[in-house]
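Everything on this sheet refers to the single structure shown next.
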Amino acid sequence: MPASAPISPAISAKIIHAALMLGVILFYAVAWYVGTRASLPVSAIPDRRVLYVGLFLLSAVLFGAAGYTAGRLTPPGPATKQDEWWRANLGRAVGIWTLVEAPTLLGTVTYLLTHDFRTLIATFTGLLLFVNYRPSRLTEA
């Protein structure tokens with residue numbers, strides 16, 4: 001029985017990215033469903049400045065670290081194949097996606113616990129950054 005060919009690192013990157021993004025979206029959908037049953041009007045939500053400032057600072061630091069790390073990736077050269085580039089940089093790309101995912105999920109968890117929709121700013125920002133740091137974008141020149 002012949003051994004099957006290994007999965008291309010470029011395909012692995014796309015699968016990992018899609019799985020991380022889908023996980024965030026599904027977790028958000030569950031939080032939204034639960035939150036619609038218990039959401040509070042803005043006037044009834046207590047002022048949680050420490051929560052907002054803490055979530056903002058943590059998100060800014062992690063999103064900034066993801067942006068810095070993504071900016072340090074060099075696109076593949078003309079003689080470099082995509083698979084070679086991904087073989088060398090897949091760990092860094094997963095690190096970037098992890099830095100984006102952490103505050104994204106934290107914003108969703110905070111929403112689930114507080115039912116305060118303002119904490120979803122971190123979630124939506126993270127989803128936009130997931131789109132920005134998609135595998136095809138990381139390999140662009």
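Beyond 21 Å, what share of the Cα-Cα pairs of the stretch 67-141 is found? Please give it as a whole percent.
Numbers: 1015 of 2775 pairs.
Distances greater than 21 Å cover 37 percent of the Cα pairs.
Kindly express, to the nearest 10 degrees and within the range 0 to 90, the angle between helix 9-38's C-alpha long axis and the longest C-alpha principal axis of the chain.
With both axes taken from Cα atoms, the answer is about 10 degrees.
Quick check on the stretch 94-135: what are the equivalent-ellipsoid semi-axes from the Cα gyration tensor, as sqrt(5λ), descending, whole Å? Please report the intermediate quantities before stating the final value.
Working: eigenvalues 87, 19, 5 Å².
Whole-Å semi-axes of the equivalent ellipsoid: 21, 10, 5.
Which whole-number percentage describes the relative contact order of the chain, with Cα contacts under 8 Å and a sequence gap of 6 or more? Don't skip to the end; give the middle numbers.
Details: 127 pairs, mean separation 52.7, N = 141.
That works out to 37 percent.
Nearest 10 degrees, 0 to 90: what angle lies between the long axis of helix 120-132 and the longest principal axis of the chain (Cα atoms)?
10
Helix 49-72: angle to the longest alpha-carbon principal axis of the chain, degrees 0 to 90, nearest 10?
10
With viscosity set to 1.306 mPa s and temperature to 10 °C, compute the Stokes-Einstein D of the chain, Rh being the Kirkwood radius across alpha carbon pairs; µm²/s, no decimals.
Values: Rh = 16.6 Å.
Answer from the Stokes-Einstein relation: 95 µm²/s.
Bear in mind these aren't lab numbers, they're just calculated from the coordinates by the rules spelled out. Since this is a predicted model, take the numbers as computed values, not measurements.
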